[in-house]
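Right, one structure below, let's go through it.
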Amino acid sequence: GYYDPNKDLLCFTADHGEAFSPHKHGLFGHASFFEEMIRVPLVVSYPDWDAQTINEQVSLIDLMPTILDLAGIPIPDTFEGTAHRSPQSMQREFTHVIDSNPIRRGIRGDGKKLFTHQIDEGFEIVQTEYSPEDGSEEVVFRAPPDEFFDSDVSTETRDELYEKIREVKGDLLE
């Protein structure tokens, strides 16, 4: 067998990136929501899809339902995510991450992120601003959970992102 672009579906991606600078974010590996961990390649070739580049963010949670749907395989009810019939429909204004061991939650969109980040003493809340074009990222707010609401740094943005993650998956601090 070999790949035939006129009849086969081909996907190439990664589940996460890596952090190779422990001094940058205090970690080495992939247990966080910083840009170098979440900006991964995604290439999908499908005969009915025109060749194009989508520069907006997508969520890998939609990949498996999309693959199953395009292959004509029923999507289990237990799957999260949405099956898409075109690359353009995979774009998301906001995307989120939820992981329960260790607790990692976050939301990303419109050049802003709010997420929990595991540290030696438990976890902290981090708010960043990032560039969708080049992946550069600046930490705007970083503090333990008990100081989260006491800071006046970017209060409107922080509160907006906090409410969005609560709408999607529950309280960031629970």
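The values are calculated or read from the model by the stated rules, or taken from the named source; none is laboratory data. Predicted model, so just to flag it, every value in this text is computed and none were measured. Cβ: placed from backbone, ideal geometry, glycine included. Neighbour counts: every protein chain shown. Surface accessibility is based on the protein's heavy atoms, side chains included, excluding ligands, DNA and RNA. Shrake-Rupley method; radii C 1.70, N 1.55, O 1.52, S 1.80 Å.
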*When residue 135 is evaluated against the numbered criteria (1) closer than 17 Å to residue 11 by Cα; (2) surrounded by fewer than 17 Cβ atoms within 10 Å (Cβ to Cβ); (3) in contact with a Lys or Arg (Cβ under 9 Å, 6 or more places away or on another chain), which criterion, by number, is the only one it fails?*
(1)
*Selection within segment 37-72 - touching a helix residue (DSSP H, G or I) at 6+ places or on another chain (Cβ under 9 Å), surrounded by fewer than 18 Cβ atoms within 10 Å (Cβ to Cβ) and among the charged types (D, E, K, R)*: 48, 56
*asked:* So, in segment 29-50, exactly how many residues are among the small types (Gly, Ala, Ser) and modelled with pLDDT of 90 or more?
replied: 1
*Test residue 75 against the stated conditions and say whether it is of a type outside the set (Phe, Trp, Tyr), open to solvent by 50 Å² or more (accessible area, probe 1.4 Å) and within 30 Å of residue 8 (Cβ to Cβ).*
yes
*Would you tally the residues in segment 141-174 being part of a helix (DSSP H, G or I), open to solvent by 80 Å² or more (accessible area, probe 1.4 Å) and at pLDDT below 70?*
0
_I'd like the full set of residues that are at pLDDT 80 or above and either hydroxyl-bearing (Ser, Thr, Tyr) or under 17 Å from residue 166 (Cα atoms) (or both), limited to segment 98-116._
105, 106, 107, 108, 109, 112, 113, 114, 115, 116
